[in-house]
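Here is the structure we will look at, set down as structure tokens.
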Amino acid sequence: MFDFTIVVGTLVGLVLKETGALDVGSVATIVRTFRMGRLIRIIQSAKSLRALFNTLVVTLPSLANVGGLLFLLYFIYAVLGVQSFAHVKFGDHLNSHANFRSFGTAIVTLVRASTGENWNLIMYDITSPDGACSSDPKWNDAEPNGCGVTSAYLYFFTFTLLVAFVMLNVRGARSVCCSPACSDSRPVT
């Protein structure tokens, strides 16, 4: 009966909204909240779905710890990137959307690199020597015009090794080892 009431209430709200007879903005939000009750009822009735949900609840604290460590690595590498590569001249892949000119853009560039999105091409743009570059660029230059830096190889290889391969695999291992399908379902510490 609960499910029937939620569905009928949603349909009545949609009809009232489409006809313009009544604005049901706040009432629709309350109905959407009750839809979560349907999800909880489904989780309680299906044993395997309940096991997956319980696994998620058990692993949340460890996922928060790994996420905090991952953010710390992003932070450290973003600061290093801004200090080392802020003035490298733009190339094909090191551009206004992926660069180290500011901390925020550096974080976005590192998140992009950790997903495998052209991190090697950004690295090659940072290391490529360009004949029209300045060996001593100024901080107040509108466009970066510094020469390539070979330390980008070490920077990107260690970043990829630490973040993409180690930390994301640890996150996956924690979820698998805490699942009920695992023979020893104790959380990894």
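Observations
- Matching residues in region 108-135 - criterion: being of a type in the set (A, V, I, L, M) and in a helix (DSSP H, G or I): 108, 110, 111, 113, 121, 122, 123, 126
- Lone unmet requirement of (1) among the β-branched types (Val, Ile, Thr); (2) farther than 23 Å from residue 70 by Cα; (3) at pLDDT 90 or above for residue 149: (3)
The values are calculated or read from the model by the stated rules, or taken from the named source; none is laboratory data. As the structure is a computational prediction, the values presented were derived from the model and not from experiment.
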